[in-house]
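Colleague: A single structure is presented below for examination.
The values are calculated or read from the model by the stated rules, or taken from the named source; none is laboratory data. The shown structure was predicted, so the numbers you read here are calculated from the model rather than taken from an experiment. Cβ: placed from backbone, ideal geometry, glycine included. Neighbour counts: every protein chain shown.
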């Protein structure tokens with residue numbers, strides 16, 4: 001079911017699968033000025049990301065769904081609560097990695113939501129990449145770990 005949108009906050013109880021039940025669950029978020037970078041990142045890493053369950057805020061998810069062969073579950077847009085929806089999934093242990101390409105030079109109307117998402121990642125020890133370099137390094141580490149386990 002491509003382009004499935006969630007209109008309410010979905011926080012499953014522990015042990016219940018929100019996504020497709022694959023091993024690794026990645027959240028993708030990008031501010032408007034970073035969406036091209038996110039698309040390049042997703043395209044470059046498409047082979048690995050196809051093995052993952054991917055969830056994203058609406059604008060980012062729509063772009064990745066349209067421009068790649070990845071299937072991304074879309075939440076609300078960030079300013080409408082999508083960052084908080086993903087934060088809820090992090091808190092309920094439904095997300096393994098968050099890639100949030102932020103625009104550090106622009107004030108965002110939902111800055112408190114962004115801060116809350118970053119905090120919940122820290123509280124629950126979920127890796128969080130906020131720029132392309134850290135995203136590449138984190139994903140490379142995940143891929144290497146997977147190869148060791150095979």
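Colleague: Go over the candidates 55, 99, 95 one by one and state the one that is in contact with a strand residue (DSSP E or B) (Cβ under 8 Å, 6 or more places away or on another chain), in a loop (DSSP other than H, G, I, E, B) and in contact (Cβ under 8 Å) with a residue 12 or more places away in the chain.
Modeller: None of the other options fit; the residue is 95.
Colleague: Could you tell me which numbered condition residue 69 fails, if it satisfies all but one of (1) modelled with pLDDT of 95 or more; (2) assigned to a loop (DSSP other than H, G, I, E, B); (3) surrounded by 13 or more Cβ atoms within 10 Å (Cβ to Cβ)?
Modeller: (3)
Colleague: Could I ask something else about it? Among the residues of the range 119-141, how many are in contact with a helix residue (DSSP H, G or I) (Cβ under 9 Å, 6 or more places away or on another chain), assigned to a helix (DSSP H, G or I) and surrounded by fewer than 18 Cβ atoms within 10 Å (Cβ to Cβ)?
Modeller: 4
Colleague: Here's something else I'd like to know. Between 116, 106, which is part of a loop (DSSP other than H, G, I, E, B) and touching a residue at least 24 places away in the same chain (Cβ under 8 Å)?
Modeller: After applying the criteria, what remains is 106.
Colleague: Another question, then. Return only the number of the condition from (1) surrounded by fewer than 21 Cβ atoms within 10 Å (Cβ to Cβ); (2) at pLDDT 95 or above that residue 86 does not satisfy.
Modeller: Of the numbered conditions (1) surrounded by fewer than 21 Cβ atoms within 10 Å (Cβ to Cβ); (2) at pLDDT 95 or above, the odd one out for residue 86 is (1).
Colleague: Condition test on residue 30, is it under 19 Å from residue 113 (Cβ atoms) and without any contact (Cβ under 8 Å) to a residue 40 or more places away in the chain?
Modeller: no
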